[in-house]
Amino acid sequence: MLIAELIEGVMILFLVPLLFGFCCDLASAFTGFYSRRLGDEWGTAVTLGLRGVLGLPVWALGFALAIRAPSPPIFSPGLATRLIGWALIAAGGALIGAGLIPLGHRMFLPSAGDRLIESGPYSVIRHPMDAGAGLVFVGLFVLTPTLAVAIAGGLGLIWLALQTRAEEIDLLGRLPAYRDYMNRVPALIPRPKK
C-alpha cells in the first residue's frame with residue numbers, strides 16, 4: 001500500500017533533484033582527475049560547477065520537496081522527538097560549520113595544490129561536514145517522519161558513504177600525507193581518547 005502511494009502523484013518528484021544533485025556532488029569529488037585532464041584552473045571550475053551549482057543546491061531542493069511531499073507518516077512526533085530532531089540538526093550544522101572554517105574557499109574551489117588540514121574538527125574526524133550532514137538528515141527525518149523524508153534521508157546516508165569514499169580516493173591522489181592521516185584519524189566517528 002505504501003509503495004503504491006509513493007508512486008502516485010507528485011510524491012516521487014523530489015527524487016529527481018535529490019538524485020541528480022547527489023550524482024553531481026559525488027562527481028565533484030574527483031578534483032585531481034579533472035585537474036590532470038583539464039589543468040588546475042579548469043579542474044577547479046568543474047568541481048565548483050558540480051558541487052556548488054548542480055550538487056548541493058539541487059539535492060537541498062530535493063530534500064525540501066521531500067519534506068513538503070504528500071506522504072504517509074511513519075510515526076507521530078511528540079515534543080521530545082521534536083527536541084531530539086532539532087538537537088541533531090543543530091549538532092550537524094555545528095559540525096558542518098566547524099568543518100567549513102579551516103577549509104575556507106577550498107570547500108568549493110579545491111585544487112591539486114591544496115594542503116592537508118589537520119586542525120579543528122579535522123584533528124578528530126576526517127570528514128566532519130559529511131558526519132554533520134548525516135546528523136542533519138536523521139534530524140530532518142525525526143522532525144518530519146514521513147515515507148518521503150525517510151527515503152530522502154536513506155538515500156542521503158548512502159550518498160554520504162559514497163561521497164566520503166570518493167573524496168578519500170581523490171585526496172590520496174592529491175595529498176601525499178593523506179594516507180598517514182587516514183591511519184591516525186577516523187573517518188566519521190571520533191575514537192574515545194585513551
*Picking from L38, L50, which residue would you name as being aliphatic (A, V, I, L, M), free of Cβ contacts under 8 Å to residues at least 60 places away in the same chain and under 19 Å from E168 (Cα atoms)?*
L50
*Restricting attention to region 131-150, and to residues there that are among the β-branched types (V, I, T) and touching a helix residue (DSSP H, G or I) at 6+ places or on another chain (Cβ under 7 Å), which single residue is farthest from S76 (Cα to Cα)?*
V136
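Mind checking whether some residue in region 83-100 is small (G, A, S), loosely packed, with under 15 Cβ neighbours inside 10 Å and within 15 Å of the chain's Cα centre (by Cα)?
Keep residues of region 83-100 that are small (G, A, S), which gives 85, 87, 90-94, 97-99.
Still in the running and loosely packed, with under 15 Cβ neighbours inside 10 Å: 87, 90, 94, 97.
Pick out the ones that are also within 15 Å of the chain's Cα centre (by Cα) and you get 94, 97.
Yes, region 83-100 contains a residue that is small (G, A, S), loosely packed, with under 15 Cβ neighbours inside 10 Å and within 15 Å of the chain's Cα centre (by Cα).
Which residues, counting only those in region 158-178, are among the aliphatic types (A, V, I, L, M) and surrounded by fewer than 16 Cβ atoms within 10 Å (Cβ to Cβ)? Steps first, answer last, please.
Taking region 158-178 first, the residues among the aliphatic types (A, V, I, L, M) are 158, 160-162, 166, 169, 171-172, 175, 177.
Those that are among the aliphatic types (A, V, I, L, M) and surrounded by fewer than 16 Cβ atoms within 10 Å (Cβ to Cβ): I158, A161, L162, I169, L172, A177.
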*asked:* Considering only residues that are of a type outside the set (V, I, T), under 18 Å from M129 (Cβ atoms) and touching a helix residue (DSSP H, G or I) at 6+ places or on another chain (Cβ under 6 Å), which ones fall in region 76-92?
replied: L88, A91, G92
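Please verify whether R51 is within 18 Å of A131 (Cα to Cα), among the basic types (K, R) and either modelled with pLDDT of 85 or more or surrounded by fewer than 18 Cβ atoms within 10 Å (Cβ to Cβ) (or both), treating the condition exactly as stated.
On the way: within 18 Å of A131 (Cα to Cα): yes; among the basic types (K, R): yes; either modelled with pLDDT of 85 or more or surrounded by fewer than 18 Cβ atoms within 10 Å (Cβ to Cβ) (or both): yes.
Taking the combined requirement at face value, the residue satisfies it.
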*Residues of region 24-48 satisfying the condition of being outside any helix (DSSP H, G or I) and either crowded, with 16+ Cβ neighbours inside 10 Å or of a type outside the set (G, A, S) (or both)*: S28, A29, F30
*Go through region 77-96 and give me each residue that's of a type outside the set (A, V, I, L, M, F, W, C) and either in contact (Cβ under 8 Å) with a residue 12 or more places away in the chain or touching a His at 6+ places or on another chain (Cβ under 7 Å) (or both).*
P77, T81, R82, G85, G92, G93
*asked:* One residue is enough: does region 110-133 have a residue meeting the conditions part of a helix (DSSP H, G or I) and on the phi > 0 side of the Ramachandran plot?
replied: yes
*Among what's in region 6-48 and is over 23 Å from the mean Cα position of the chain (by Cα) and under 21 Å from G156 (Cβ atoms), pick the residue that is modelled with the highest pLDDT.*
I7
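Taking only region 149-194 into account, find how many residues are assigned to a helix (DSSP H, G or I), more than 18 Å from the chain's Cα centre (by Cα) and touching a residue at least 60 places away in the same chain (Cβ under 8 Å).
Residues of region 149-194 that are assigned to a helix (DSSP H, G or I), as a first pass: 149-174, 178-184.
Narrowing the set further to residues that are more than 18 Å from the chain's Cα centre (by Cα) leaves 172-174, 178-184.
So of that shortlist, the ones also touching a residue at least 60 places away in the same chain (Cβ under 8 Å) come out as 173-174, 178, 181.
So the answer is 4.
Would you check if there is a residue in region 106-127 being crowded, with 21+ Cβ neighbours inside 10 Å and of a type in the set (S, T, Y)?
Within region 106-127, the subset crowded, with 21+ Cβ neighbours inside 10 Å is 110, 121, 126-127.
Retained after the next criterion (residues that are of a type in the set (S, T, Y)): none.
There is no residue in region 106-127 that is crowded, with 21+ Cβ neighbours inside 10 Å and of a type in the set (S, T, Y).
The values are calculated or read from the model by the stated rules, or taken from the named source; none is laboratory data. Quick caveat, the model's predicted, so the values are computed rather than measured. Here Cβ is always computed from backbone atoms with ideal geometry, including for glycine, and neighbour counts include all displayed protein chains.
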